[in-house]
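Participant: Got a structure for you, written out below as structure tokens; questions coming shortly.
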Amino acid sequence: MHEFDWSSIPGAWPFLWDGMVISLQITITAILVGIVWGTLLALMRLSSIKPLAWFAAAYVNLFRAVPLVMVLLWFFLIVPTLLESLLGLPRGSDVRLASAITGFALFEAAYYSEIIRAGIQSVSKGQMAAASALGMTYGQSMRLVVLPQAFRNMIPLLLTQGIILFQDTSLVYVSALADFFGAAYKVGDRDGRLVELLLFAGAVYFVICFSASRIVRHYQNKMKVA
Amino acid sequence: MAYNWNWDVFLQPTATGDDTYLGWMFYGFKMTIALSLSSWLIALAVGAVVGVLRTVPNRGLSGLATAYVEVFRNIPLLVQLFLWYFVMPELLPLAWGDALKQTNPILQQFFAAMLCLALFTSARVAEQVRSGINSLPPGQKNAGLAMGFTLPQTYRFVLLPMAVRLIVPPLTSEFLNIFKNSAVCSTIGLLELAAQGRQLVDYTAQPYESFIAVTLAYLLINVVVMFGMRWLEERVRVPGYIGGK
């Protein structure tokens, strides 16, 4: 049986903390980009302008059919060299990390757009008709009538997706970015204490995600009554 | 942009000389399929049991099943994979751990990846099974019990036959997910599709062709699974329910 030795964790605390900050930064960036870009995609997909609807459908279906690992590898290995040759950037100007985070956000936007589309469609049609009858343009009725109601209904789902997204950030491991998991792995590898560090990382993720999902559920129950 | 497209690269013999690069891709493709399908079968079996346990009136059993689902849903897949691959052999009794470490390394990777994907997915399957059972009107269970069925018989003859048909559509997306999630297993060195794509980039210096081919392979899997499941969904659809005839 393995003899546990947890002593390398306290010393590595600042390093692990930095990793957690990076994980949270990626999460928040991707949630914000995901919601904004996802809303635009959802509106395009529901729009009557056919080319926009096709573009959004193709985008969402493509990103949802490809594994996140593949998307990250595309944006980590391929896109930077493409950008370098297209924009004539000097070689070695390191855009790989920015690229990986962009890829991550673009990927998550596809999932957000599906949630948001369902949210918009869940608002009853009479709302749109009533807004038009009051003389609002399509844009106004979407912005002032439909979207506020849709977002209110969607908040729990958007937050749950945020928790999934936070778990997904661990996959930036493939792009050599030192997020929390990457940091834990590095410390474990360096000190020969991989078992302890991996168990510790698992426990940390569990505590964060479990508490967050509890809070979301609590919020969801409170909203149901209202 | 000065890039030399060269799709013939797939037909060239590999650096090690025993295969073509297309052969490598095909090996990865087979690995992805084998890994995903074997994990899926385990996930269905375990998920069905855990899902049923979540709905039984015994608080101990349902609590245990809930804990199972929460653990597997709240730890990232990558962390679970590393736990199975690096940590599990250390925590087993010494003799078992040593025996495991002496087996073929490919088998070790496959075994860890399969266990990881299977249990990760089983928690999600369990949630679908639970919501399928809970979506049935409570009268069904009561009627079964009133007819003199025992609780296991009620599940076997009344609840499950209906629930199984209702949860086919949500299971489709879980089935699609298991193929996509299998790409995570490239991180422990398992040579499945995504890993072979990376290898091809390193060996051929034709990154675009390699990645496009791998991405198309994932799209192909996706389309095939979607059509297959749509066919199944139509066959098992319950008349009178949403989406039914």
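Derivation of every value follows stated rules applied to the coordinates shown; laboratory data play no part. These numbers come from a predicted model, not from an experiment. Counting neighbours? That spans all protein chains shown, and the Cβs are built from the backbone with ideal geometry, glycine included.
Participant: What is the count of Lys pairs in the protein assembly as shown whose alpha carbons sit under 28 Å apart, if the two are 8 or more places apart or on different chains?
Facilitator: 11
Participant: Follow-up question, since we're still on this one. Rounded to the nearest 0.05, what FRET efficiency do A:N61 and B:R59 give with R0 = 60 Å and r taken as the Cβ-Cβ distance? Could you check?
Facilitator: That gives a FRET efficiency of 0.90.
Participant: In addition: If R₀ is 51 angstrom, what is the calculated FRET efficiency for the pair B:L145 and B:D18, using the beta carbon separation as r and rounding to 0.05?
Facilitator: Given R0 = 51 Å and the Cβ-Cβ separation, E is 0.20.
Participant: About its Cα centre, what dipole magnitude does chain B give when the only charges are +1 on Lys and Arg Cβ and -1 on Asp and Glu Cβ, stated in debye to the nearest 20? Display every interim value, and only then the final one.
Facilitator: Values: 16 positive and 13 negative charges, 269 e Å.
For this selection, approximately 1300 debye.
Participant: Neighbour counts of other C-beta atoms within 10 Å: give me B:E234, B:E174, B:E192 arranged from fewest to most.
Facilitator: Placing the least packed residue first, the sequence is B:E234, B:E174, B:E192.
Participant: Under the definition of Cα pairs under 8 Å and six or more residues apart, what whole-number percent is the relative contact order of chain B?
Facilitator: Values: 257 pairs, mean separation 64.7, N = 245.
Reported relative contact order: 26 percent.
Participant: Still on this model: Quick one: which residues, 5+ away or cross-chain, put their amide H under 5 Å from the amide H of B:T20? H built at 1.01 Å from N.
Facilitator: Counting only residues 5 or more places away or on other chains, the set is B:T14.
Participant: Please rank A:S170, A:S132, fewest neighbouring Cβ atoms within 10 Å first, as an exposure proxy. Numbers along the way, then the final one.
Facilitator: Numbers: A:S170 27, A:S132 14.
Lowest count first: A:S132, A:S170.
Participant: Separate question: Size of the dipole of the protein assembly as shown about the Cα centre, Lys and Arg at +1 and Asp and Glu at -1 on the beta carbon, nothing else charged, in debye to 20?
Facilitator: Dipole of the protein assembly as shown, to the nearest 20 debye: 2320 debye.
Participant: Same structure, new question: Between A:A65, A:A12, A:A56, find the one with the highest GNM mean-square fluctuation for chain A; connect C-alpha pairs within less than 10 Å.
Facilitator: Result for chain A, Cα springs under 10 Å: A:A65 fluctuates most.
Participant: Post the alpha-carbon centroid distance, the stretch A:95-151 to the stretch A:153-189, in whole angstrom.
Facilitator: 25
Participant: Determine the calculated [θ] at 222 nm for chain A from helices alone, applying -39500 (n - 2.57) to every DSSP H run no shorter than 4 residues and normalising by the residue count; nearest 500 deg cm²/dmol. Mind showing how you got there, number by number?
Facilitator: On the way: 10 runs with 171 residues, N = 226.
Rounded to the nearest 500, the figure is -25500 deg cm²/dmol.
Participant: Also: What ranking of B:S36, A:S122 emerges when the number of other C-beta atoms within 10 Å of each C-beta is taken as an exposure proxy, fewest first?
Facilitator: Least crowded to most crowded, the residues run A:S122, B:S36.
Participant: Additional query: By the scheme Lys and Arg +1, Asp and Glu -1, what is the net charge of all other residues having a beta-carbon under 14 Å from that of B:T55?
Facilitator: +4
Participant: With contacts defined as alpha carbon pairs under 8 Å and 6 or more residues apart, what's the relative contact order of the stretch A:34-162 in percent?
Facilitator: Answer for the stretch A:34-162 is 31 percent.
Participant: Once phi is turned into ³J(HN,Hα) by the Karplus curve 6.51 cos²θ - 1.76 cosθ + 1.60 with θ = phi - 60°, what whole-Hz value does each residue of the stretch A:195-204 show in order, with x for glycine and proline?
Facilitator: 3J(HN,Hα) across the stretch A:195-204, in whole Hz: 4, 5, 5, 5, 4, 4, 4, x, 5, 4.
Participant: Okay, moving on. Rounded to whole Å, give me the distance from the Cα center of the stretch B:124-149 to that of the stretch A:1-68.
Facilitator: Computed from Cα coordinates, the inter-centre distance equals 36 Å.
Participant: Could you compute the net charge surrounding B:E174? Neighbours are other residues with a C-beta less than 14 Å from the C-beta of B:E174; K and R count +1, D and E count -1.
Facilitator: +3
Participant: Right, another one. Please work out the Cα center distance from the stretch B:29-88 to the stretch B:157-235, rounded to the nearest Å.
Facilitator: The stretch B:29-88 and the stretch B:157-235 have Cα centres separated by 18 Å.
Participant: In addition: Which one of B:N6, A:A57, A:G11 is farthest out on the positive end of the charge dipole of the protein assembly as shown, using unit charges on Cβ (Lys, Arg +1; Asp, Glu -1) and the Cα centre as origin?
Facilitator: A:A57
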